[in-house]
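Reviewing the structure listed below.
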Amino acid sequence: MRIVSQSEFFNSYVLPPSRLGWAARRAREGIGKVEPAAPPEIGACNEGLIAMTEHYAERHRAWQAARSERADPELALSDHKLDKSFSNFVSRARMEIEDHGEHSPRGKAAQRLLTGPLNVEVHAVTNVAREDQEAMLRSILTDLDASHLRDIEACGLLASYAVLQADFKAFAEAMSQAIKSEAAPTTEELQQLAADISSKSVELIHRVNGAYPTTSEEDRKNRSLILGPFALQNDRAAAFYRKSRGQNRLPDIDPESDVDIIVDDQANADAPTPGDEVPQPA
């Protein structure tokens with residue numbers, strides 16, 4: 001049993017929902033061993049936490065399925081076409097300066113594009129999560145439409161811009177259809193679920209510390225029976241970040257087997273889970 005001090009969670013790590021689910025299931029066993037019986041509010045809070053992590057796991061699977069290139073090749077193709085057309089449009093604007101000079105009318109028009117809406121690294125738009133790519137390109141195209149159509153025309157890029165607009169429209173429609181067809185949550189919704197789970201775990205820690213607040217042997221034992229699994233996961237997070245020097249994300253685990261889930265595809269790598277070192281008040 002992992003002994004839990006009164007100040008155990010003053011400085012803690014934000015754990016992924018899968019690790020909090022693992023801890024809550026073990027805490028359920030500990031609650032049954034507490035003597036005298038734990039206040040019912042503690043058991044209810046822990047059961048609520050378990051239910052929330054199970055719901056998150058279901059929604060996370062749907063999120064992954066909706067974004068899997070294997071599950072939706074049409075979306076992957078649309079994404080690839082949009083990447084190429086945006087890269088081509090930016091490259092054509094840069095070539096205007098090289099071909100005609102920065103002080104020529106076409107060069108000046110290209111500079112206005114490149115210091116305005118196109119003042120981004122191409123990979124920072126194309127090599128991100130699809131939701132972020134959609135949002136960034138929507139903003140860029142809106143700005144181009146509102147303020148830079150004359151510059152696009154002056155550079156002879158109207159045809160290239162029309163291709164970019166068409167490819168973006170197809171991509172946005174494919175994104176919408178993929179999410180609807182899988183009944184999947186958005187990234188923002190999944191992030192909120194993870195944040196709610198983290199808050200619920202803090203509530204449980206508060207309740208347990210409030211029920212067993214002293215340094216007595218009885219309080220120490222009961223506190224450790226319930227919160228020991230959470231402290232153990234926090235220990236593992238600390239060891240992981242020390243080993244990786246903070247460069248990698250704390251992996252999810254299988255809540256039943258306690259085995260790390262290895263991420264080997266981009267859809268999973270972009271998954272919205274809280275895994276950074278963040279102090280939690282408790």
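The values are calculated or read from the model by the stated rules, or taken from the named source; none is laboratory data. Source: prediction; values computed, not measured. Here the Cβ positions follow ideal geometry from the backbone for every residue, glycine too, while neighbour counts run over all protein chains shown. Protein only, heavy atoms only, side chains kept; ligands, DNA and RNA dropped before computing areas. Shrake-Rupley method; radii C 1.70, N 1.55, O 1.52, S 1.80 Å.
Values as computed for the structure displayed
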item: Residue in region 82-101 that is in the same structural domain as L118 (by the TED database) and in a loop (DSSP other than H, G, I, E, B) present; result: yes
item: Residues of region 143-159 that turn out to be open to solvent by 30 Å² or more (accessible area, probe 1.4 Å) and not in a helix (DSSP H, G or I), as a count; result: 1
item: Every pair of residues 6+ apart whose Cβ atoms lie under 8 Å, when the first sits in region 125-149 and is under 11 Å from L113 (Cα atoms) while the second is modelled with pLDDT of 90 or more and open to solvent by 20 Å² or more (accessible area, probe 1.4 Å); result: I140/V120; D143/G116; S147/G116; H148/R112; H148/G116
item: Residue check, A38 without any contact (Cβ under 8 Å) to a residue 24 or more places away in the chain and surrounded by 15 or more Cβ atoms within 10 Å (Cβ to Cβ); result: no
item: For I140: the one exception among (1) in contact with an Asp or Glu (Cβ under 8 Å, 6 or more places away or on another chain); (2) crowded, with 19+ Cβ neighbours inside 10 Å; result: (1)
item: Residue count for region 101-128, restricted to those that are under 27 Å from the mean Cα position of the chain (by Cα) and more than 18 Å from K81 (Cβ to Cβ); result: 6
item: Some residue of region 175-192 being hydrophobic (A, V, I, L, M, F, W, C), part of a loop (DSSP other than H, G, I, E, B) and either surrounded by 16 or more Cβ atoms within 10 Å (Cβ to Cβ) or in contact (Cβ under 8 Å) with a residue 24 or more places away in the chain (or both); result: yes
item: Residue match in region 51-64 (condition: of a type in the set (A, V, I, L, M, F, W, C), assigned by the TED database to the domain that holds D143 and open to solvent by less than 30 Å² (accessible area, probe 1.4 Å)); result: no
item: Filtered residues of region 2-34 (kept if more than 21 Å from F240 (Cα to Cα), open to solvent by 30 Å² or more (accessible area, probe 1.4 Å) and in a loop (DSSP other than H, G, I, E, B)); result: S5, Q6, S7
item: Candidates K169, K200, filtered to the one that is open to solvent by less than 80 Å² (accessible area, probe 1.4 Å), basic (K, R) and assigned to a helix (DSSP H, G or I); result: K200
item: Boolean, L75 is open to solvent by less than 20 Å² (accessible area, probe 1.4 Å), part of a helix (DSSP H, G or I) and under 30 Å from R130 (Cβ atoms); result: yes
item: Matching residues, region 121-137, being open to solvent by 50 Å² or more (accessible area, probe 1.4 Å) and either modelled with pLDDT of 95 or more or among the hydrophobic types (A, V, I, L, M, F, W, C) (or both); result: A135, M136
item: Residue tally, condition assigned to a helix (DSSP H, G or I) and β-branched (V, I, T), over region 203-233; result: 3
item: Selection from region 203-220 of residues that are under 18 Å from A23 (Cβ atoms) and either surrounded by fewer than 16 Cβ atoms within 10 Å (Cβ to Cβ) or not small (G, A, S) (or both); result: E203, L204, I205, H206, R207, V208, N209, Y212
